[in-house]
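The next block holds one structure in the form of structure tokens; read it before the comments.
The values are calculated or read from the model by the stated rules, or taken from the named source; none is laboratory data. Since the model is a prediction, treat every value here as computed from it, not as a measurement. Glycine also receives a Cβ, built like all others from the backbone with ideal geometry; neighbour counts cover every protein chain displayed. SASA here: full protein model, heavy atoms, side chains in, ligands and nucleic acids out. Shrake-Rupley method; radii C 1.70, N 1.55, O 1.52, S 1.80 Å.
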Amino acid sequence: MSTNPPETEEASEDAATPLSAYVERIAAAVGATSASQELDTAKLRVESSDWYGAVEAARAEGLTMFEFISAIDWANDVAVGDEPEDEVEERYEMLCALTDVDQRQTIILSTDLPKEGATIASVEPLFPGAQWHERESHEMFGIAFDGISSDANLYLPDEFEGYPLRKSFALLSREVKPWPGDVDVEDMPEKPAPTGPSTENPGA
Amino acid sequence: MESLLENFWIVLVLKLLTVALLVPVAGLIIGYAELKISAHMQARVGPYFAGGRYGWAQLIADGVKFFQKEDIIPAEADRPVFKYAPILVLISAVSLFVVIPFGPGDALVVRNLDLGIFFALAISSVGTIGVLMAGWSSANKYSLIGGLRAAGQLIAYELPMVLSVIGVVILAETMSLNGIVEAQIEWGMPFVIPQAVAFVVFFIAALAEMSRIPFDMPIAESELTTGYLTEYTGFRFLFFFLGEFANMFTFAAIAATLFLGGYAPAGAEVFGITIPGLTGPIWLSLKIGVLVFVMIWTRWTWPRLREDQLQTFAWKWLVPIGLANIVVTAVMKVLF
Amino acid sequence: MLDAQAMAQISETSVAVELETSDMTLNIGPQHPSTHGVLRLVAKVDGEVITDVRPILGYMHRGYEKISEVRTYPQVIALINRIDWTSGYANEIPFVVAAERLMGIEVPERAQWIRLILTEMTRISAHLLFMGSFPLELGATTPLMFALRDRERVLDVLESVTGGRFHPNFNRIGGIKPAAGAGKEQKKLTQDLPAGFFTETEAAMDGVIASTDQLEKLLRKNEIFVARTKGIGVLPPEVALSYGVTGPNLRASGVPYDLRNETDYLPYDQVDFEIPVGTEGDSFDRWWVRLAEIRQSANIVKQAIQKVPSGPLQAKVPKIIKVPKGETYVRAEVPKGVMGYYLVSEGGQGPYRVKIRTASFSNLSMLPWILEGVIVPDLLAVMGSLDFVLGDVDR
């Protein structure tokens with residue numbers, strides 16, 4: 001059964017799924033400003049100044065497994081891909097997913113960072129595994145992490161310029177040569193050159 | 001004709017030529033056997049096309065290939081040492097043949113030395129010097145670690161090997177390899193029966209000296225790429241390769257001579273059968289074949305030990321066992 | 001004549017000189033036969049003991065997260081096959097499920113069961129590869145051949161359905177692709193699986209179970225294998241969780257965390273299986289857990305082929321797939337551990353952002369911790385047992 005996209009959206013706006021008791025408990029513990037739980041994804045919004053405290057509180061509540069840290073670049077003017085449907089607030093959204101292996105719950109903490117001088121506290125002291133994820137966010141988005149033990153590039157060469165996962169970063173090779181998969185049917189080739197030795201080539 | 005065969009120099013040259021031919025041929029046969037046996041142990045077919053049938057020419061083709069390859073010497077390498085290391089390894093393997101008797105009397109042995117087994121054990125260590133040279137001169141950290149591991153292994157396993165041989169020498173009352181075979185015929189049993197413990201110790205120590213799995217830490221391709229072999233190409237690599245198979249052959253020959261009755265026909269010791277001496281090489285080859293098969297079997301079944309586990313095994317197990325074996329053998333010898 | 005004080009000083013100095021050893025920096029990789037691809041380790045070693053190790057990544061970085069932003073949803077499926085090339089099929093599942101959930105599509109049951117069967121067969125083939133490569137790193141070559149022999153049969157079955165051995169690219173949003181060569185009729189009906197698929201699969205699974213017995217006999221009580229792996233690279237559960245280690249590596253440490261029995265991305269609740277859990281968290285346990293998982297997966301496949309219902313393969317989806325605005329985080333248990341896609345859609349034909357959480361990336365991030373104080377020969381006994389794929393690390 002196919003669903004009409006606008007309907008789904010309205011439905012989700014009108015009747016937001018009620019939060020489960022678990023998510024409500026965590027939301028209270030981390031001091032979330034708002035919470036949502038849709039399609040099995042529980043997302044808690046916290047203040048960026050309280051990022052470290054929120055992660056620490058979540059860990060204390062039993063969310064001891066570290067899943068990932070990453071970011072989303074919300075931009076209205078994009079160099080690659082589709083633009084957002086509605087106008088969005090220009091910002092980076094930080095995401096941190098944590099799992100409680102006993103209760104079988106996963107929570108995503110989220111906060112906003114400004115585009116200019118995005119800086120956030122590193123949670124490496126809480127989850128040593130966060131270091132690689134934060135380094136990745138650092139080199140891909142240019143977000144600075146306070147208190148990280150090393151922010152050396154994980155993937156990119158040291159001399160690399162730019163932040164590839166920012167929406168303003170164009171895929172240069174595709175600028176030069178459009179990806180052939182963009183069109184389903186290729187243009188017919190030009191009329192084949194007349195056979196026989198070319199007279200234009202002086203070497204012939 | 002008579003006089004020709006009695007001329008010392010002509011006989012010596014003939015014998016040396018035979019040995020010089022025997023080593024590559026034995027190496028090829030064992031190499032081929034290893035390819036085929038390992039293949040059948042691993043649900044594979046092994047070489048199949050070279051030579052038309054059963055891939056019998058595979059190793060010859062490999063050898064030709066090695067000679068065609070460029071002989072690369074790393075820029076930082078210690079050139080003369082790097083060049084001669086493989087030759088030293090091969091020489092050590094060939095020299096071991098000098099004392100191995102293929103039949104009774106002086107006819108089928110290059111030199112029947114009075115200190116035959118002593119000579120064999122001494123020469124077998126020279127190969128490790130070649131390995132150490134290769135590791136040192138390659139100017140490569142992996143090679144160096146491999147060479148040093150080989151040296152450490154030699155020191156650790158030379159001792160149990162010598163200790164295990166002493167038991168045999170006590171029983172045979174001679175160090176000549178011919179004498180040891182004769183003693184076994186006289187005893188009416190191969191020494192593997194009274195000296196079973198020594199045989200096991202000798203065999204394990206021989207595997208370690210040859211750096212074969214489970215003792216192949218000097219090569220350990222997953223840790224050290226290929227250890228001291230890392231920088232070698234072409235025919236120098238081939239020399240190491242041949243040296244390995246020649247070493248298998250010689251160590252199996254020594255083990256067969258010391259413990260399995262050497263050239264004497266199986267059962268001859270027990271039933272007192274005497275078969276003309278010329279069948280000696282055949283019997284010895286059969287015994288070598290059995291031992292080589294066990295070596296191949298081990299190699300394709302087991303993982304490798306760790307360097308410290310290998311040392312622990314040598315010093316804490318094999319050396320005490322070897323010493324205890326000497327004491328027990330000596331006491332028995334005095335009592336009976 | 002030296003007085004006593006000077007003598008003491010001299011002897012002290014000489015002791016200090018003797019004990020002073022310089023650290024050697026050993027560069028392992030990226031072209032090294034044992035590192036599963038292009039991982040480079042810069043290790044500081046004091047004698048044989050590793051004091052510090054720095055993994056250097058990026059040799060396989062293909063920027064899939066970025067490329068996904070300029071591809072349509074069906075095109076992304078082809079990309080993510082290549083993240084972990086030993087389990088290409090399993091990688092597709094969480095992404096496809098994420099898109100389906102955002103679109104509100106109910107996938108037909110038949111497609112779900114076929115997805116389950118193929119996922120488990122992918123798990124078997126990936127684990128069998130580990131069963132071969134791990135002993136190989138310890139110097140045993142024979143298990144590799146035994147494992148690959150039966151892995152080949154599994155891949156043959158996989159290929160007969162999907163047309164691909166490593167990169168099936170078989171899932172479509174809303175269901176699965178009709179089998180290769182199926183006509184128009186077959187698209188709607190049930191003849192998507194090749195003739196003889198069930199008997200062939202059953203036979204392959206029996207072969208796999210026999211092969212695990214053989215591998216167990218060969219190694220489980222082998223003194224050298226046990227000496228090399230027992231007590232080596234012990235990973236306590238708390239450390240594993242704080243680094244986000246998942247999959248068999250986590251279960252070997254005693255945490256029975258397996259997404260297959262807690263989320264409903266595939267109908268795992270309708271089959272019986274156990275979750276093998278280790279006790280020590282050492283290299284041996286990691287080997288053993290994977291061996292036990294192969295058996296469980298083979299049993300799952302055997303049960304599942306009895307349960308495949310007839311019915312359509314595809315839900316009705318528009319010709320041009322547009323995913324409505326929304327975000328979701330969908331995870332699945334792939335052979336290497338937990339793989340998750342944080343999918344952000346802005347209503348376009350392609351994702352606005354995809355965060356790919358791969359298992360090997362988190363599993364490997366723990367490497368500096370676990371390798372500290374390990375001696376060089378154990379490096380491989382530890383690294384090999386973690387079973388990572390560099391494509392899965394670098395993405």
What is the sum of charges around C:THR263, taking Lys and Arg as +1, Asp and Glu as -1, for the other residues whose C-beta is under 12 Å from the C-beta of C:THR263?
-2
Alpha-carbon Rg with Dmax, taken over the stretch B:82-136, Å:
13.2, 43
The local net charge around B:ILE73, scoring Lys/Arg +1 and Asp/Glu -1 for residues other than B:ILE73 whose Cβ lies under 12 Å from its Cβ, equals -2
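Considering all alpha-carbon pairs of the stretch B:22-68, what whole percent are spaced by more than 16 angstrom?
Cα-Cα pairs in the stretch B:22-68 separated by more than 16 Å: 39 percent.
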Using only the Cα atoms of the stretch B:71-335, construct the convex hull and provide its projected area averaged over every direction, in square nanometres to one decimal.
13.9
Would you grab the residues whose amide H sits under 5 Å from the one on B:GLY262? Only those 5+ places off in sequence or on another chain, please, with H modelled 1.01 Å from N.
B:THR257
For B:SER137, B:SER285, give the ranking by accessible area with the largest first, probe 1.4 Å.
B:SER285, B:SER137
Packing-based order for B:179-187, C:345-353, using average beta carbon neighbours within 10 Å, highest first:
C:345-353, B:179-187
Per-residue average of Cβ from other chains inside 10 Å of C:341-353
5
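Give the average over all directions of the projected area of the C-alpha convex hull of the stretch C:25-393, one decimal, in nm². Could you put the intermediate results ahead of the total?
Numbers: hull surface 69.3 nm².
In nm², the orientation-averaged hull projection of the stretch C:25-393 is 17.3.
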When the solvent-accessible surface of protein heavy atoms is calculated with a 1.4 angstrom probe, in what order do B:LYS287, B:LYS141 fall, highest first?
B:LYS141, B:LYS287
Ordering C:84-96, C:161-173 by per-residue average of other C-beta atoms within 10 angstrom, highest first, gives C:84-96, C:161-173
Here is the link list: C:LYS307/C:LYS336; B:LYS36/C:LYS217; A:LYS43/C:LYS322; B:LYS83/B:LYS316; C:LYS307/C:LYS355. Which ones come out longer than 28 Å on Cα distance?
B:LYS83/B:LYS316; C:LYS307/C:LYS355
Buried accessible area for the A:C pair, summed, 1.4 Å probe, in Å² rounded to 100?
4700
Can you give the average number of partner chain beta-carbon atoms within 10 Å of each beta-carbon in peptide C:137-149, as a whole number?
6
Dividing the helical contributions, -39500 (n - 2.57) per DSSP H run of n ≥ 4, by the residues of the protein assembly as shown yields a 222 nm value, nearest 500 deg cm²/dmol, of -16000 deg cm²/dmol
Excluding A:TYR22 itself, calculate the net charge of residues whose Cβ lies under 13 Å from the Cβ of A:TYR22, where each Lys or Arg counts +1 and each Asp or Glu counts -1.
-3
Given C:105-111, B:72-78, C:145-151, B:223-229, the highest-first ranking by average Cβ count within 10 Å works out to B:223-229, C:145-151, C:105-111, B:72-78
Quotient of Cα Rg and 2.2 N^0.38 Å for the protein assembly as shown, N being how many residues it contains
1.15
What are the lysines whose alpha-carbon lies under 21 Å from the alpha-carbon of C:LYS316, with same-chain residues fewer than 8 places away excluded?
C:LYS177, C:LYS184, C:LYS187, C:LYS188, C:LYS325
Pairwise label distance in nanometres, C:ASP156 with C:GLU372, each label 7 Å out on the Cα-Cβ vector
5.0
Can you give the average number of partner chain beta-carbon atoms within 10 Å of each beta-carbon in peptide C:217-230, as a whole number?
3
